[in-house]
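The values are calculated or read from the model by the stated rules, or taken from the named source; none is laboratory data. Owing to the predicted nature of the structure, the values given are computational and were not obtained by experimental measurement. Using ideal geometry, Cβ is built from the backbone for each residue, glycine included, and neighbour counts are taken over all protein chains shown.
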Amino acid sequence: MLRFVSHKVTSRVYSTTTRSHVGSTASSWTTVVSALARSGVIDALHAAVELLNDGDKPDDASSALVHLLRVSGNHGYVSLCRQLHGYVVKHGFVSETRLSNSLMRFYKKSDSLEDAHKLFDEMPEPDVISWNSLVSGYVQSGRFKEGLCLFLDLHRSDVVPNEFSFTAVLAACARLKISWLGACIHSKIVKLGMEKGNVVVGNCLIDMYGKCGSMDDAVLVFRHMEEKDTVSWNAIVASCSRNRKLELGLWFFHQMPNPDTVTYNELIDAFVKSEDFNSAFQILSCMPNPNSSSWNTILTGYVNSEQSREATLFFTKMHSYGVRLDEYSLSIVLAAIAALVVVPWGRVIHSCGLKLGLDSRVVVASALIDMYSKCGMLKQAELMFWTMPRKNLIAWNAMIYGYARNGDSTEAIKLFSQLKQERFLKPDGITFLNLLAVCSHCEVPMELTLGYFEMMVNEYGIKPRVEHCCSLIRAMARRGDIWQAKKVIQEFGFGFDGVAWRALLGACSAGKDLKAAKAVAGKIYVYIVMSNLYAYHEIWREVSQIRKIMREKGVEKEVGSSWIQEQNVAIQL
DNA sequence: GTAGGGTTAG
């Protein structure tokens with residue numbers, strides 16, 4: 001027995017007038033389906049549920065059910081959709097690929113990717129659309145590695161990939177900056193002759209190359225495209241500006257036929273990143289349709305350049321100009337407030353979030369956790385965390401960070417163990433950074449600290465970044481193991497990274513170990529700082545000169561490893 | 001009227 005309850009009062013009123021109309025003619029599926037396609041959706045759904053309950057099977061069952069699922073899904077009738085799934089199973093329609101695909105669409109849209117995947121696994125014959133749907137589901141929810149792995153599975157299956165298959169996976173390569181795989185996929189696309197005919201594929205390629213730092217390849221793809229749309233232009237402008245070629249980006253921008261809000265927002269972002277706020281303002285005031293993002297980009301710029309006070313002032317300005325505040329506006333300004341440690345302002349934004357109905361959004365809730373814990377209000381942070389309806393990794397990380405920041409290693413470690421029990425979440429590099437940070441600041445046994453580091457590398461396949469090593473170095477140096485810490489730097493190939501040496505030097509000075517500090521500083525520090533400075537100014541000749549001196553003096557040894565090997569580890573193929 | 005899958009800003 002299917003039950004359909006439409007909670008909307010307005011639709012009830014509406015249905016009293018039109019129900020009889022549909023009801024009198026809705027004895028057939030044809031009428032219901034055409035009503036679903038046009039208007040009077042609620043009544044059509046009622047009529048359809050009645051028909052199904054009467055045992056009236058539609059002639060073309062899968063078509064009718066696909067329609068039903070699409071409409072009830074779009075209108076947020078989650079319960080009805082789940083019941084329809086039950087109906088599909090009960091009446092043996094699961095082998096209908098189109099029907100299962102549309103069920104997958106519903107689960108994806110209602111953030112139940114796991115259910116979509118389960119359905120996919122149960123399909124006897126998933127087609128290319130089923131595969132694409134799942135791959136894009138993972139990519140769209142930020143689970144890029146899983147998306148990539150699934151794409152590789154598709155490649156090994158009998159199903160032939162099409163244009164749609166490549167777009168989502170290129171987006172994943174872009175976000176993970178795996179240009180070698182992106183380039184492989186590019187050559188596959190060329191081989192299949194899909195490069196020229198499809199604008200979206202071209203757009204994805206431009207974006208992928210741009211995000212992977214290969215601006216020249218992005219330009220090449222752009223120039224060879226037969227047809228270009230606004231997204232193509234936006235992608236090439238962004239590729240240039242992201243790769244420190246703002247001039248070229250602006251040149252493309254001036255050639256562009258119809259710049260839109262995204263284009264202008266890209267430019268604002270580029271100016272803000274080069275801390276040219278005046279140019280950013282100029283664009284904001286001259287652009288045709290500024291939206292929340294346009295303002296948020298400048299707000300983010302202030303926070304990222306550590307101008308938190310300016311950020312809060314700018315936020316006030318947004319408010320007074322009547323800019324629609326969205327979840328990002330709130331989370332960014334909360335970051336600024338957290339840096340300034342002004343609890344009353346944080347509370348104001350919290351109530352602002354409640355009023356706008358944005359407080360349970362993951363970005364806002366995590367920002368609130370972060371703000372409260374940075375202000376030392378751990379109890380408030382905990383309350384936020386445990387009352388969140390859906391907790392993603394960002395929220396967990398924020399809470400672990402909260403404990404870490406307040407020096408509560410016991411709670412941080414306890415929460416980390418709880419995170420490990422979560423079925424659909426996996427700790428990432430940030431989680432371990434927070435965990436290692438708490439280990440380096442508190443009296444956590446060295447064996448445990450090292451255990452976490454090894455767990456990160458071996459169990460979760462996360463490549464240690466220099467920040468992880470810094471925490472490890474600090475933890476070792478706290479115990480006076482300067483030379484072991486030095487070994488860590490060399491072992492992980494951070495010998496050329498000033499940050500690692502600075503961490504060690506800092507640890508030496510904190511431990512008042514003058515002898516060790518002198519040894520570290522005198523031998524290496526100057527070289528590193530100079531090398532980084534030259535690299536920053538792109539004076540590569542000097543960089544290599546310094547590195548040569550370092551090698552000759554036996555100060556450091558360059559660690560060589562295959563780039564492809566590294567990337568393979570990075571995506572856990 | 002042919003349903004189910006794709007790209008860009010934070």
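Being surrounded by fewer than 17 Cβ atoms within 10 Å (Cβ to Cβ), part of a helix (DSSP H, G or I) and among the small types (Gly, Ala, Ser) is the requirement here; does A:Ser351 meet it?
It is true that A:Ser351 is surrounded by fewer than 17 Cβ atoms within 10 Å (Cβ to Cβ), part of a helix (DSSP H, G or I) and among the small types (Gly, Ala, Ser).
In segment A:382-485, which helices (runs of 4 or more DSSP H) lie fully inside it and hold 1 or more residues that are under 30 Å from A:Leu113 (Cβ atoms) and among the aliphatic types (A, V, I, L, M)?
Result: A:393-405, A:409-421, A:429-441.
When segment A:184-223 is examined, which residues are found to be more than 11 Å from DNA strand B (Cβ to nearest atom), hydrophobic (A, V, I, L, M, F, W, C) and assigned to a helix (DSSP H, G or I)?
Result: A:Cys184, A:Ile185, A:Val190, A:Met215, A:Ala218, A:Val219, A:Leu220, A:Val221, A:Phe222.
Which is in contact with a Pro (Cβ under 8 Å, 6 or more places away or on another chain), surrounded by 15 or more Cβ atoms within 10 Å (Cβ to Cβ) and not in a loop (DSSP other than H, G, I, E, B), of A:Leu181, A:Leu154?
Every option except A:Leu154 fails the conditions.
Given A:Ala168, A:Ala174, which one is at pLDDT 95 or above and closer than 18 Å to A:Asp207 by Cα?
A:Ala174
For segment A:143-170, what are the residues that are of a type in the set (A, V, I, L, M), more than 11 Å from DNA strand B (Cβ to nearest atom), in contact (Cβ under 8 Å) with a residue 24 or more places away in the chain and in contact with a helix residue (DSSP H, G or I) (Cβ under 8 Å, 6 or more places away or on another chain)?
A:Leu148
Looking at A:Leu68, A:Leu176, can you tell me which residue is in contact with a helix residue (DSSP H, G or I) (Cβ under 8 Å, 6 or more places away or on another chain), touching a residue at least 40 places away in the same chain (Cβ under 8 Å), more than 10 Å from DNA strand B (Cβ to nearest atom) and of a type outside the set (Ser, Thr, Tyr)?
Values: A:Leu68 fails: touching a residue at least 40 places away in the same chain (Cβ under 8 Å).
When all the criteria are applied, what remains is A:Leu176.
Scan segment A:290-303 residue by residue and report those that are in a loop (DSSP other than H, G, I, E, B) and either within 16 Å of A:Val363 (Cβ to Cβ) or within 8 Å of DNA strand B (Cβ to nearest atom) (or both).
Residues of segment A:290-303 in a loop (DSSP other than H, G, I, E, B): A:290-291.
Listed by number, the list holds a single entry, A:Asn291.
Among the candidates A:Glu275, A:Glu306, A:Glu310, A:Glu226, which residue alone is surrounded by fewer than 19 Cβ atoms within 10 Å (Cβ to Cβ), more than 10 Å from DNA strand B (Cβ to nearest atom), among the acidic types (Asp, Glu) and part of a helix (DSSP H, G or I)?
A:Glu310
Please list, ordered by residue number, the helices (runs of 4 or more DSSP H) wholly in segment A:1-100 having 2 or more residues that are crowded, with 21+ Cβ neighbours inside 10 Å and modelled with pLDDT under 85.
Hits in segment A:1-100: A:29-37, A:41-53.
Please work out which one of (1) more than 9 Å from DNA strand B (Cβ to nearest atom); (2) more than 24 Å from A:Val160 (Cα to Cα); (3) in contact (Cβ under 8 Å) with a residue 24 or more places away in the chain is the condition A:Met123 fails and give its number.
For A:Met123, the exception is condition (2).
Go through segment A:132-157 residue by residue and tally those that are acidic (Asp, Glu) and under 17 Å from A:Ala174 (Cβ atoms). Steps first, answer last, please.
Quick first cut of segment A:132-157, residues acidic (Asp, Glu) only: A:146, A:153.
Remaining after also requiring under 17 Å from A:Ala174 (Cβ atoms): A:146.
Summing the residues that are acidic (Asp, Glu) and under 17 Å from A:Ala174 (Cβ atoms) in segment A:132-157 gives 1.
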